[in-house]
Ligand code: BMA
């Protein structure tokens with residue numbers, strides 16, 4: 001079967017064909033990184049950020065690490081999804097009653113459009129790291145919703161539509177600091193307030209060491225005719241610290257806690273200088289994709305070395321064929 005993306009065409013998304021001589025299933029944009037050190041006055045670094053199509057162009061929610069070390073979320077706009085204008089002021093969150101609801105810090109955002117609303121999830125603080133949630137329709141006013149769970153949890157990633165009448169949130173229970181463990185779970189909600197029916201999706205490990213320490217969901221899963229394509233990060237522990245690489249899995253379309261395939265090997269690992277050198281060396285952390293249902297093209301947005309935003313490309317049919325040929329055996 002040829003794998004096809006279910007969704008809209010996006011002919012203006014960034015794209016570069018696989019370079020000659022490259023046989024990798026995922027290849028890098030040749031002008032990476034697309035956001036460099038000190039991109040706006042308040043922030044030293046912008047990385048691990050999320051982009052979506054918006055009104056014929058592109059918009060994003062960006063993780064900006066301020067010069068005092070704390071991260072906050074900023075909106076950015078772009079005509080081509082490569083050259084970004086990032087707002088200098090952080091997002092102002094208000095609760096549903098209109099009261100100020102600013103998080104003390106906010107990082108690793110994901111953005112998804114479900115029906116006519118854009119939902120944003122991020123890692124927030126509630127006496128420990130947990131999953132912050134909010135929504136917007138216009139990227140001008142932002143309503144903060146209840147946190148999805150108690151600490152500690154990270155990498156909250158919503159599916160782009162309800163499944164069997166319920167919202168579904170991938171998440172990764174963790175601890176404070178630099179969690180040395182972690183599996184991907186998912187939870188259900190009828191109204192985005194109360195989350196339950198928790199299911200284990202995937203554990204760290206497999207047969208390879210690149211994902212032996214922990215794993216966490218990355219971009220919003222992509223719906224295909226063969227299942228949900230989930231790109232994720234896998235972490236290896238080395239004598240010099242963690243190394244963050246990318247993997248992919250295919251999840252059952254109606255019961256997405258069932259894993260159909262999962263890459264045995266990483267699909268991208270830190271190799272380029274902007275991935276191996278920066279504020280935190282050896283990090284490739286995917287947070288978003290843009291994709292075109294017409295051509296099957298996927299652009300993966302990832303944070304590099306906790307310093308830069310970078311882009312990589314793949315084709316849905318080739319990635320799923322690669323996963324089938326190089327899958328973990330369950
Ligand atoms: C994780 C998160 C990510 C970060 C990664 C590598 O725990 O904090 O934001 O990219 O560590 O430092």
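Every read-out reported here was derived from the displayed coordinates using simple, explicitly stated rules and does not represent laboratory data. As the structure is a prediction and not an experimental result, all values here were calculated from the model. Because the Cβ atoms are built from the backbone with ideal geometry, glycine has one as well, and the counts that use them run over all protein chains shown.
Below, the figures for the structure above:
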| item | result |
| --- | --- |
| Helical contribution to [θ] at 222 nm, DSSP H n ≥ 4, -39,500 (n - 2.57), averaged over the chain, rounded to 500 | -1000 deg cm²/dmol |
| Residue 318 versus residue 67: modelled label distance in nm, points set 7 Å from Cα along the beta carbon direction | 4.3 nm |
| Two-site FRET efficiency, residue 100 against residue 271, from Cβ-Cβ distance with R₀ of 45 Å, rounded to 0.05 | 0.55 |
| FRET efficiency for residue 15 and residue 183, using Cβ-Cβ distance with R0 set to 45 Å, rounded to 0.05 | 0.85 |
| Within a Gaussian network of the chain (alpha carbon springs, distance under 10 Å), most fluctuating of 120, 91, 46 | 91 |
| Packing rank of 72-79, 213-220, where each peptide gets the mean count of other beta carbons within 10 Å, highest leading | 213-220, 72-79 |
| In nm, spacing of pseudo-spin labels at residue 238 and residue 88 (7 Å Cα→C-beta vector) | 4.0 nm |
| Fraction of beta bridges assigned by DSSP in the chain that are antiparallel (%, nearest 5) | 95 percent |
| Global geometry of segment 174-324, whether rounded, prolate or oblate, following the gyration tensor of its Cα atoms and the 1.5 cut on a/c | oblate |
| Exposure proxy ranking, count of Cβ atoms within 10 Å, fewest first, for 10, 131 | 10, 131 |
| Neighbour-count ranking [beta-carbon atoms within 10 angstrom, fewest first] of 4, 137 | 137, 4 |
| Segment 112-126 and segment 186-204: distance between their alpha carbon centers, rounded to Å | 15 Å |
| Rounded, prolate or oblate (a/c below 1.5 giving rounded, otherwise prolate when a/b exceeds b/c) for the chain by Cα gyration tensor | rounded |
| Selected from 136, 314, 104 as most flexible by GNM, with the chain as the system and alpha-carbon contacts under 10 Å | 104 |
| Within segment 1-147, percent of DSSP bridges classed antiparallel, to nearest 5 | 95 percent |
| Three-way shape label, segment 134-240, alpha-carbon gyration tensor, a/c 1.5 | prolate |
| Euclidean distance of C-alpha centroids, segment 227-298 and segment 36-75, integer Å | 20 Å |
| Residue among 245, 23, 176 with the largest mean-square fluctuation in a Gaussian network model of the chain, springs linking Cα atoms under 10 Å | 23 |
